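Working notes, beginning with the structure itself.
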Amino acid sequence: MATISRYSRQIVFPDIGPAGQERLNSSYAVVIGCGALGTVIASGLVRAGVGKVRIVDRDFIEYHNLQRQILFDEDDIKDNLPKAVAAERRLRKINSSIEIEGIVSDVNHTNIEKLVEGADVIVDGLDNFEARLLINDVSLKHNIPWIYGGAVGSTGMTMNIIPHKTACYRCLMPEKGTGGRTLTCDTAGVVNAAPWVIASLETVEAIKILLGSPDVNTNLITVDVWSYDFRSLEIPRKDNCLACAGKYEFLDGKLSTKTTSLCGQNAVQVLSSGSFALTLKELSERLKPLGDVSYSDFMLQFSTGDQEMIIFPDGRAVVKNTHDESYARGLYAKYVGA
């Protein structure tokens, strides 16, 4: 009776019904990334009664997150909680009848297969391309559907990747690297409604996939919440897509961003996996509102708070004041973008 009462409003929806609710209750979803997208997705899946929800994120909560990340509050920041831990605590209070697991981890090619083992669907709450390409590889290799989503400024997009049936994420991406050209929430800002809309679309697609619905979307959906533009674009599979052909270069670690802790310098060197498409002058203009920037023909120096980076024309960077390679990769993705 308690289960029927909790989910009664979606059970009466004809495309779910009692049998569909039972199917959701026995399903397992992994949400990778618990920011603006991931908090909405995780909340939606937990409230819908997906039987097991695993949330994976490496970061801690900051004040600027509260503008758009709906599971967190100021007390979480005072308690210095990781996002995955705070999300798990909040979601357990929302639905104690299902299994909720928050994992504090940097997703990379050495651990992603274990993190998604047994999942029925993977949902993207990330903010960088490389991690998505890694999810794409593990999805295709293990035949687990995944849902891509991203948002920056007032725009966002989402697409379902059904292994070996739809185009994959690598089919969607350009052949040449976009290092430096990719905008992020830190460099372009974000209207909070943009990730909320995209995350809501991701959530309903995850539910449809878990139900085995014939109505699963196979197009790329793009949204601009400021201009109120909504589009659906058909994305064909690429004949020469290496991932679709079974070559998992990101999962194998061949194309992952390389980091090296620099002995005696309290710094980490980051080598990007893609080509660097910006000039240092262009990058300096993007970073100028965020901190102190100076550049020459040979390097760009950027600092904000305790964070200090030196970026070279080929995209290589040195992140100072840390030995944490995961943290350095995160800063690189945040400020350089790819």
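The values are calculated or read from the model by the stated rules, or taken from the named source; none is laboratory data. Values in this document were obtained by computation on a predicted structure and should not be read as measured data. Every residue, glycine among them, receives a Cβ derived from its backbone with ideal geometry; neighbour counts consider all protein chains shown.
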Among the residues of segment 289-307, which ones are charged (D, E, K, R) and modelled with pLDDT of 90 or more? ASP292
Any idea which residue in segment 84-120 is nearest to LEU71 (Cα to Cα), counting only those that are at pLDDT 95 or above and among the hydroxyl-bearing types (Ser, Thr, Tyr)? SER96
The lone exception for PHE250 - which of (1) in contact with a Phe, Trp or Tyr (Cβ under 9 Å, 6 or more places away or on another chain); (2) part of a loop (DSSP other than H, G, I, E, B) it fails: (1)
Single condition ASP75 does not satisfy, out of (1) in contact with a Lys or Arg (Cβ under 6 Å, 6 or more places away or on another chain); (2) modelled with pLDDT of 95 or more: (1)
Working carefully through the options SER227, SER232, find the one that is loosely packed, with under 15 Cβ neighbours inside 10 Å and in contact (Cβ under 8 Å) with a residue 40 or more places away in the chain. SER227
Only unsatisfied item for THR182, checking (1) under 16 Å from the mean Cα position of the chain (by Cα); (2) hydroxyl-bearing (Ser, Thr, Tyr); (3) modelled with pLDDT of 95 or more, is (3)
